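What follows is a set of notes on a single structure, which appears directly below.
The values are calculated or read from the model by the stated rules, or taken from the named source; none is laboratory data. The model shown is predicted, which means the values in this text are computed figures rather than measured ones. Using ideal geometry, Cβ is built from the backbone for each residue, glycine included, and neighbour counts are taken over all protein chains shown.
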Amino acid sequence: MQRTSLPRLAPNTGNYTVSQLPIGDYDLTVTSPGFKTFTHSKFHLAAGQTMRKDVLLQIGQAAENVTVTAEASLLKTENSELAHNVTLTQCGISDARS
């Protein structure tokens, strides 16, 4: 089965025409931002046939993808503990091992 896509833009009236299609089986898919996709699957066109398909699009949900990328934080956010390593010299204590 050969699959061919024939995209068409419809004006504000919503009318579209696809002419001179060869005999065969077709799928019709209609998309518009803010609406659900409509699909009319597996219909047959015969020689010289004119077909009219009125489509009522249902309101869909607006979808927006947001990708956030950031470096890993050095701050531990799992708890409110505060920790810091301090050397003996920073505390004014001499190392007893020396």
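Looking only at the range 33-46, decide whether some residue is farther than 25 Å from Ile59 by Cβ, in contact with a His (Cβ under 8 Å, 6 or more places away or on another chain) and not in a loop (DSSP other than H, G, I, E, B). For the range 33-46, residues farther than 25 Å from Ile59 by Cβ, in contact with a His (Cβ under 8 Å, 6 or more places away or on another chain) and not in a loop (DSSP other than H, G, I, E, B): absent. Are any residues in the range 6-32 in contact with a Leu (Cβ under 8 Å, 6 or more places away or on another chain) and within 20 Å of Gln61 (Cα to Cα), and if so, which ones? Scanning the range 6-32 gives Val30, Ser32.
Contact map, the range 1-30: first residue modelled with pLDDT of 80 or more, second residue surrounded by 10 or more Cβ atoms within 10 Å (Cβ to Cβ) and of a type in the set (D, E, K, R), Cβ cut-off under 8 Å, separation 6 or more or different chains; pairs are Leu28/Lys53.
Number of residues in the range 1-32 that are assigned to a loop (DSSP other than H, G, I, E, B) and surrounded by 11 or more Cβ atoms within 10 Å (Cβ to Cβ) equals 7.
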